[in-house]
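See below for the structure under consideration.
The values are calculated or read from the model by the stated rules, or taken from the named source; none is laboratory data. Just so it is clear, the model here is predicted, and its values are computed rather than measured. Heads up, the Cβs are rebuilt from the backbone with ideal geometry, glycines too, and the neighbour counts pull from every protein chain shown. For the accessible areas, the whole protein counts, side chains as well, though only heavy atoms, and no ligand, DNA or RNA atoms are used. Shrake-Rupley method; radii C 1.70, N 1.55, O 1.52, S 1.80 Å.
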Amino acid sequence: VEVIRVDAAQETESDRLKSVHNFVAHTANCTAIAMDRSGSHFATGAYDGSSCLWDANEIVCLRPACSSLEEGVGCLSFSHDGQILAGVADVERPSASSRKLIDLCQVSTGETIMKLETRSFARKLAWHPTQMLLAFGGEKIVQEQDRYDRNRSEVPVTIVTLQVK
């Protein structure tokens, strides 16, 4: 993670962008990032399957999150109230045997509160701005073959209402 200060008053780009902090957060490329609405936390996910919850003011990793994802992290999203972080894996070549789930974790603890099994491979997530509604779009492998003898895919969009205790 690199924290860069931008000084628009400087004339050259090299003078405008100044690195303030630079440290290793993951052992592989960062593939997902999300900021909560309050601006107090952000989350990062990486191709190594790890994800971290960060304090946005201190720029420190507070705890791991969404630990049930078994592949690289593809997308992260905070709920409208910033209490839940949803994460999905980035399955490169989905097959019928690959796990289809969304990891929902409690931001305050980093613990998984629900593994939401889905009928398709969720690729992107978005929360409703004021309600506990989670929308996701993805890819569903259909077992019938197309005319080129390849598995066919559908791209469904799903909206889930969550009731969290």
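Can you confirm whether ILE59 is in contact (Cβ under 8 Å) with a residue 40 or more places away in the chain and on the phi > 0 side of the Ramachandran plot?
For ILE59, the condition - in contact (Cβ under 8 Å) with a residue 40 or more places away in the chain and on the phi > 0 side of the Ramachandran plot - is met.
With the requirement that a residue be modelled with pLDDT under 85 and either in contact with a Lys or Arg (Cβ under 7 Å, 6 or more places away or on another chain) or part of a loop (DSSP other than H, G, I, E, B) (or both), what does the range 10-47 give you?
Listed by number, the residues that qualify are GLN10, GLU11, THR12, LYS18, VAL20, PHE23, VAL24, ALA25, HIS26, THR27, ALA28, ASN29.
Out of (1) open to solvent by 100 Å² or more (accessible area, probe 1.4 Å); (2) outside any strand (DSSP E or B); (3) modelled with pLDDT of 75 or more, the odd one out for PRO129 is which?
The failed condition is (1).
Pull up the range 34-82, narrow it to residues that are crowded, with 16+ Cβ neighbours inside 10 Å and β-branched (Val, Ile, Thr), then point me to the one that is farthest from GLN106 (Cα to Cα).
Filtering the range 34-82 for residues that are crowded, with 16+ Cβ neighbours inside 10 Å and β-branched (Val, Ile, Thr), the one farthest from GLN106 (Cα to Cα) comes out as VAL73.
Each row is one residue, and each column tells you yes or no for (1) assigned to a loop (DSSP other than H, G, I, E, B); (2) modelled with pLDDT under 75.
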| site | (1), (2) |
| --- | --- |
| LEU62 | no, no |
| LEU76 | no, no |
| ALA86 | no, no |
| SER97 | yes, yes |
| CYS105 | no, no |
| ILE141 | no, yes |
| ILE159 | no, yes |
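Taking ASN22 as the residue in question, decide whether it is closer than 19 Å to GLY87 by Cα, out of contact with any helix residue (DSSP H, G or I) (no Cβ under 8 Å at 6 or more places or on another chain) and either open to solvent by 40 Å² or more (accessible area, probe 1.4 Å) or among the acidic types (Asp, Glu) (or both).
No: the conditions fail for ASN22.
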